[in-house]
Amino acid sequence: MELEYRVGDDWFDRSYELVNSEEALESFDDPTLDQLREGSRKHGDSLDRLDLWQAGLLCAECSDAINGRFAASPEGDLLCWECASQTEEQEKSGISVNTDPTKAIISESRLYKKSLCDYVINVATGCRHGCKFCYVPTTPAIENRDEMLNEQAGVEDPQGDWGSYLLYRDDLPERLGNELENTDEDDWETTDRGRGVVMLSSGTDCYQDRRAAQITRGCVAELVKHDRPVRILTRSPAVTRDLDLFKEAGDLVTVGSSIPSLDAPLVRAMEPNAPPPMARWEALDTLSRAGVRVFVSMSPTYPTMDEDDLWELLTYLKALDPEVIFHEPINPRGKNFQMCLEAAEELGDERLAEELQNLQDKDYWVQYALEQISLVQALSDEIGGLQIHSWPDRELLKETLGPLRSRLKEMRRSVSPESFSAEVEETKQKGSMTNIKEFL
């Protein structure tokens, strides 16, 4: 599938057609990026991504040919990189949107320690969901870019303003495709726990809106074409739009969502702009029923979740037939925890606010975290058919001794049970499933 153009009365007068080897598929006059990406998704094969480099497209501002890096205006008009770099942010639905000028394409990640990936791709900087507990604003990727965030989106407080700004990386599929073509297989990092997996996304939701989803589809298509294993994590039901791509990818792709609780008011308070938990469950159910491998991030779980709450949640998750459920209790570190406490107070949930307040006492938190990890493991054993990958915080190791500490270390070193290759027999590693109750 290609984009062909015809020149009219002058060089700037162009019409475009999306074509395959047999016929014209769709015609455009002054196409927006959205029109081109959606046309590609609608008419192309799953892995047949429309490459917009050197396709005869012109910048909507200066009319120069787009032969290299590009972006789009908040309205979706295609811009050359020079014009995109000069575009001011605009507010759309309460979010400041603009272009992310970073040169980053794909980055090595220490998330292999959680058995998640060796590489990450973030399709944007910022996130619409505005989750109160999110650690991303405290990472170097945000903290070291204060000046850029202020220039591109008027951000004064990256943590406090989290959820109100979003900078897109529109040409990421084109740049990633070029990067993968020029990457030697021997240079691809593959650790025991990361297994060479690329995660979309660790710092933003890769399906949070249509524009982010379009970037994501192009990146996943490139990764699959180059036989790179992919983990997708999103809270958005829009992930089902790429069902065809995931089915074509087979065991190279696993798709997950964060479902920490089925208590919709609680989740809405902590994740104010994210879809409700049952909408996420329904999206994963759709994918699972279609044969796509799914996983769940059950984190962070909250101190007010009792045995009945966790039992209900785990039984719902079992119905998805997930490859694995990653579990992590909430921890009380950083400014983001204070935002969680404020959200509980604004919700009017006095019990939750009191429990979160109590977690700031280290001994109280250690006891809570150990007990909740143990309870989740015990319930999963009772329900049966679940693979729980518990992740004990490093502070728990510092506060424990002897066999309990050894068991927690074992959990942190364990590998999640997924297989990312059809040729490799799946192994269910039980290290993270061993209950710690006997040591408490």
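The values are calculated or read from the model by the stated rules, or taken from the named source; none is laboratory data. Every value quoted in this text rests on a predicted model; they were computed, and no experiment measured them. Cβ placement follows ideal geometry from the backbone for every residue including glycine, while neighbour counts extend to all protein chains displayed. Note: areas computed on protein heavy atoms with side chains; ligands, DNA, RNA excluded. Shrake-Rupley method; radii C 1.70, N 1.55, O 1.52, S 1.80 Å.
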statement: Counting only residues in the range 1-12 that are open to solvent by 40 Å² or more (accessible area, probe 1.4 Å) and modelled with pLDDT of 90 or more, the one farthest from the chain's Cα centre (by Cα) is identified as 7
Failed criterion for residue 192 (all others in (1) in contact (Cβ under 8 Å) with a residue 24 or more places away in the chain; (2) assigned to a helix (DSSP H, G or I); (3) open to solvent by 40 Å² or more (accessible area, probe 1.4 Å); (4) acidic (Asp, Glu) hold): (2)
Residue 359, sole failed condition from (1) modelled with pLDDT of 95 or more; (2) more than 29 Å from residue 294 (Cβ to Cβ); (3) surrounded by fewer than 17 Cβ atoms within 10 Å (Cβ to Cβ): (3)
message: Tell me whether the range 325-338 contains one or more residues that are without any contact (Cβ under 8 Å) to a residue 24 or more places away in the chain, over 18 Å from the mean Cα position of the chain (by Cα) and part of a helix (DSSP H, G or I).
response: yes
message: Testing residue 271 on (1) open to solvent by 10 Å² or more (accessible area, probe 1.4 Å); (2) modelled with pLDDT of 95 or more; (3) touching a Cys at 6+ places or on another chain (Cβ under 7 Å), one condition comes back false. Which one is that?
response: (1)
statement: When restricted to 323, 312, 307, the only residue more than 21 Å from residue 356 (Cβ to Cβ), open to solvent by 10 Å² or more (accessible area, probe 1.4 Å) and out of contact with any Asp or Glu (no Cβ under 9 Å at 6 or more places or on another chain) is 312
- request: Look through 244, 186 and report the one residue that is part of a helix (DSSP H, G or I) and without any contact (Cβ under 8 Å) to a residue 12 or more places away in the chain.
  value: 186
message: Please go through the range 258-301 and give me each residue that is assigned to a loop (DSSP other than H, G, I, E, B) and either over 22 Å from residue 203 (Cα atoms) or of a type in the set (Asp, Glu) (or both), ordered by number.
response: 262, 263, 271, 290, 291, 292, 293
query: residue 208: within 17 Å of residue 74 (Cβ to Cβ), in contact with a Lys or Arg (Cβ under 6 Å, 6 or more places away or on another chain) and not in a helix (DSSP H, G or I), yes or no?
result: yes
- request: Test residue 301 against the criterion of being over 19 Å from the mean Cα position of the chain (by Cα) and polar (S, T, N, Q), and give yes or no.
  value: no
